[in-house]
Amino acid sequence: MRKILVSWIGGNDLQACPDHARYHGSLGPILSTLKDRKFDSVYLLYNYPENEVAPYISWIKTQVHSTIIANYETLSSPVDFSDIYQAAKKALQLISATEGECKLSILLSPGTPAMQAVWILLGKTLYSVNFIQSSKEQGVSDVALPFDIAAEFLPDLAAKSKQKLSELMLDAAPDTAHFENILSNNPTIDTLKQKAAILAMRDVPVLIQGETGTGKELFARAIHNSSPRGNQKFIPINCGAIPKELIDSIFFGHAKGAFTGAIKNHKGVFEEADGGTLFLDEFGELPLDAQVRLLRVLQEGKIVRVGEVDAIKIDVRIIAATHKNLSHAIGQGTFREDLFYRVAIGILNLPPLRAREGDTSLLTDRLLDKINKDASALPGYKHKKISPKAKNIILKHRWPGNIRELHATLLRASLWPSGDEISDTDISESIVQMSDENSEILDREIGNGFDIQELIDEVEEYYVRKAWQQSGGRKKQAAELLGYNSYQTFDKRMQKLGIKT
């Protein structure tokens, strides 16, 4: 998971730059943090003049390997809560839209007390973040801000925090999801909803397979909420995000003193979900040794906490989800066949968005309605609609990230227009082109909406775009790079694939 840091740039940071007139010889809070911890990307906000900030940004880029993104924010004053709130919230929305699932940290030290207060408000209500502080005297350390403290003074915000996060991003399905929340006009999805409704009433393990962003958790929650266990807990856990050495503790719990840092007894997710449903997302990411221990628990219906010897009986329904081809993983020896058959009783194979004819348009309209509703309280925000040209681009795109990518693209596109229309340019610039290294183009499942011509067009589109960029927009040179016999052939391929010059 990518690690992201966000912070305001403070005066002590600027003065850490050797070119600054008031150079003080220390690193400043931001660089001290980046020297102490590794981050993939760093988002910096500033309200200082450009001529003061530009040398600092240039200098800090030479000091670390992280990607540095710096944005100027207009503030009427560095203590104006309204302006600071809008700037900080916009930054976190942008990070959520562009980075997707990530580990987000906020550096509190730089900036004014008003800036720190706004970070804490946002980080404790709308976003899941880790707070960090950095000082010359104390060094770099995590900031412990117990959520109960915020909940005591802000009970309404505390109650709405999880719901609000779900509204902003589609990563988490709503807690109350039922089958009517699964929007579709496609007969394949209707059939899957019917099968899922049957599974809801049969207390058997379920395996949901599908590409990232196809709605696996939405189906899992709908099954749980429609089942006899619906009034019990639904506990989701991302198996791919658990450090290997903590799997047993997180799954089965631990006793006080079982290992360094175990300062009290801790229930694992199996105990937490007792009587309800445990959702094992990214199920295929579990290491083999953990698969063995999980299999034993599923067979015996008992767990043993780390550091204890007495078994605890549990009654948990398992719903697992994966984007991986587990049959292929079994063949490669990275996934246990016996665990697969233990969990894969009720199997649902969710099709990608590109195979759900008619649903892209439906979901686009519904998702944009949701984005407009979420942003309606923002000062100056205008209700957005999609232009016909923009809609055509959306309908032609393959959406390898599926519904999650569609939502993130629409959210990203809605940030920039000052008017009420999202143009084709807005959409084109908001679609993130992923490297073909992640596409696994030679390892796709056949059937379930597979289209060989679509696959061929996808490969050609990738290389046509690459040649267009590499040639600097010169059609003759691009045609030669691809081995086309003339630039007219290249031009026709661009038109067929909907690529604009």
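A few notes on this one:
- Among the residues of the stretch 50-93, the ones that are assigned to a helix (DSSP H, G or I), of a type outside the set (A, V, I, L, M) and out of contact with any strand residue (DSSP E or B) (no Cβ under 8 Å at 6 or more places or on another chain) come to 14 in all.
- Listed conditions (1) over 29 Å from Pro379 (Cβ atoms); (2) touching a Phe, Trp or Tyr at 6+ places or on another chain (Cβ under 8 Å); (3) modelled with pLDDT of 90 or more are all met by His20, apart from (3).
- Count of the stretch 451-500 residues which are not charged (D, E, K, R) and not in a loop (DSSP other than H, G, I, E, B): 23
- If the condition is being buried (at least 20 other Cβ atoms within 10 Å of the Cβ), touching a His at 6+ places or on another chain (Cβ under 8 Å) and not in a strand (DSSP E or B), then the stretch 251-267 contributes only Gly253.
- Of residues in the stretch 302-360 being under 20 Å from Ala290 (Cβ atoms) and of a type in the set (Lys, Arg), the one nearest to the chain's Cα centre (by Cα): Lys324
- Of the listed requirements (1) closer than 30 Å to Leu368 by Cβ; (2) without any contact (Cβ under 8 Å) to a residue 40 or more places away in the chain; (3) of a type in the set (S, T, N, Q), Asn51 misses just one: (1).
- The number of residues in the stretch 341-366 being outside any helix (DSSP H, G or I) and touching a helix residue (DSSP H, G or I) at 6+ places or on another chain (Cβ under 7 Å) comes to 6.
- Test: residue in the stretch 315-329 that is farther than 28 Å from Leu199 by Cα and at pLDDT 90 or above: no
- Residue tally, condition within 16 Å of Asp40 (Cβ to Cβ) and more than 20 Å from the chain's Cα centre (by Cα), over the stretch 95-120: 1
- All of Ala321, Ala344 fail the test of being out of contact with any Lys or Arg (no Cβ under 9 Å at 6 or more places or on another chain) and within 30 Å of Arg404 (Cβ to Cβ), apart from Ala344.
- The stretch 228-250: number of residues that are part of a helix (DSSP H, G or I) and out of contact with any strand residue (DSSP E or B) (no Cβ under 6 Å at 6 or more places or on another chain): 7
- Pick from the stretch 269-313, criterion within 22 Å of Arg221 (Cα to Cα) and among the acidic types (Asp, Glu), ranking: surrounded by the fewest Cβ atoms within 10 Å (Cβ to Cβ): Glu272
- Looking only at the stretch 96-110, residues that are surrounded by fewer than 19 Cβ atoms within 10 Å (Cβ to Cβ) and either modelled with pLDDT under 90 or in contact with a Phe, Trp or Tyr (Cβ under 7 Å, 6 or more places away or on another chain) (or both) come to 5 in all.
- Of all the listed residues (Leu362, Leu353), the sole one being under 30 Å from Ser414 (Cα atoms) and surrounded by fewer than 18 Cβ atoms within 10 Å (Cβ to Cβ) is Leu362.
- All positions within the stretch 372-398 that are modelled with pLDDT under 90 and touching a Leu at 6+ places or on another chain (Cβ under 8 Å): Asp374
- So Ser96, is it over 23 Å from Ser414 (Cα atoms), in the same structural domain as Val140 (by TED's automatic domain parsing) and either assigned to a helix (DSSP H, G or I) or touching a Leu at 6+ places or on another chain (Cβ under 6 Å) (or both): no
- Complete set of residues in the stretch 286-322 that are in contact with a strand residue (DSSP E or B) (Cβ under 8 Å, 6 or more places away or on another chain) and free of Cβ contacts under 8 Å to residues at least 40 places away in the same chain: Gly301, Lys302, Ala311, Lys313
The values are calculated or read from the model by the stated rules, or taken from the named source; none is laboratory data. Since the model is a prediction, treat every value here as computed from it, not as a measurement. Positions of Cβ are generated from backbone atoms using ideal geometry, with glycine treated the same way; all protein chains shown enter the neighbour counts.
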